[in-house]
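One structure is given here, and the rest of the page talks about it.
The numbers here are math on the coordinates, done by the rules we state, and not lab data. From a predicted model like this one, the values you see are computed outputs, not experimental measurements. We place every Cβ from the backbone using ideal geometry, glycine too, and count neighbours over all the protein chains shown.
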Amino acid sequence: MKGRTPSFRPAPGAVGPDMKRTRTAALALAAAAAALAPVLVQQATAAEGPYLQDPAGGEKSMKSMWTEDEMHKVEGQLRFHPGVQYKTVTRPGHPAAPDHERRSGDPDTLAWEPSYEFAWSVSDSTVLKKAVTVKEGTHPIVVHAVLRRANGSSKVAEVRKELQDRPATGREKVAGGRRIACDTGEYTVEWSVTRSGYGTLTGSLRWDSSCEQYRTAFARDHGKQR
């Protein structure tokens with residue numbers, strides 16, 4: 001037919017430009033709402049949560065000692081994982097996306113459940129004292145830690161584990177099995193790594209049981225959603 005501009009209808013299931021823009025805006029809104037969810041999560045492994053380390057430094061930072069004959073070297077390290085614990089509650093979504101409910105930390109349920117991660121390294125000199133060392137074979141290792149009040153009073157928690165036939169270098173994480181209430185002051189962690197027949201390496205670190213940073217973060221997150 002002359003003079004008529006042809007019109008096109010989208011095929012069934014096709015998406016027109018207006019619908020695409022609407023869908024894109026909706027997805028962007030959902031993504032923004034999700035970004036407002038709390039970034040603090042309950043930690044489960046050494047790699048997922050913060051920890052304190054003695055001696056300070058990286059993974060290879062270790063305290064060390066030589067046997068009396070200077071032919072065997074023992075190195076050790078402790079990573080103390082405070083292990084924050086809390087329950088979550090359902091809260092309404094952002095005003096722009098009220099149907100987008102989220103899970104948020106409940107500050108009234110905050111507590112600590114520490115674990116202790118020990119590292120060791122055993123070296124043997126083959127010719128000269130403190131020289132030409134090798135790390136080979138298997139070794140009997142004993143790891144031990146005590147959690148005390150910072151004032152040196154009675155112990156609050158203790159772990160000890162005997163490890164048989166372990167490689168010359170290794171790590172072992174031991175659950176503390178004891179919950180510690182928030183905001184109960186400072187504590188001292190006394191730890192040791194023993195290579196039977198060689199000697200015992202010891203160390204200590206301080207820990208503050210305050211939960212204020214988590215409580216503040218939960219409150220700030222809740223306030224964003226109002």
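If you take the beta carbon distance between Thr67 and Arg179 as r and set R0 to 30 Å, what does 1/(1 + (r/R0)^6) give as a FRET efficiency, to the nearest 0.05?
Working: r = 39 Å, r/R0 = 1.31.
Result of the calculation: an efficiency of 0.15.
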*Residue by residue through region 128-140, which ³J(HN,Hα) values in whole Hz follow from phi under the Karplus form 6.51 cos²θ - 1.76 cosθ + 1.60 (θ = phi - 60°), with glycine and proline marked x?*
9, 5, 6, 8, 6, 8, 10, 10, 8, x, 10, 9, x
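Distance check, please: which entries in Lys73/Lys130; Lys130/Lys161; Lys60/Lys161; Lys130/Lys173 exceed 19 angstrom between their Cα atoms?
Details: Lys73/Lys130 8 Å; Lys130/Lys161 29 Å; Lys60/Lys161 22 Å; Lys130/Lys173 30 Å.
Pairs exceeding the cut-off: Lys130/Lys161; Lys60/Lys161; Lys130/Lys173.
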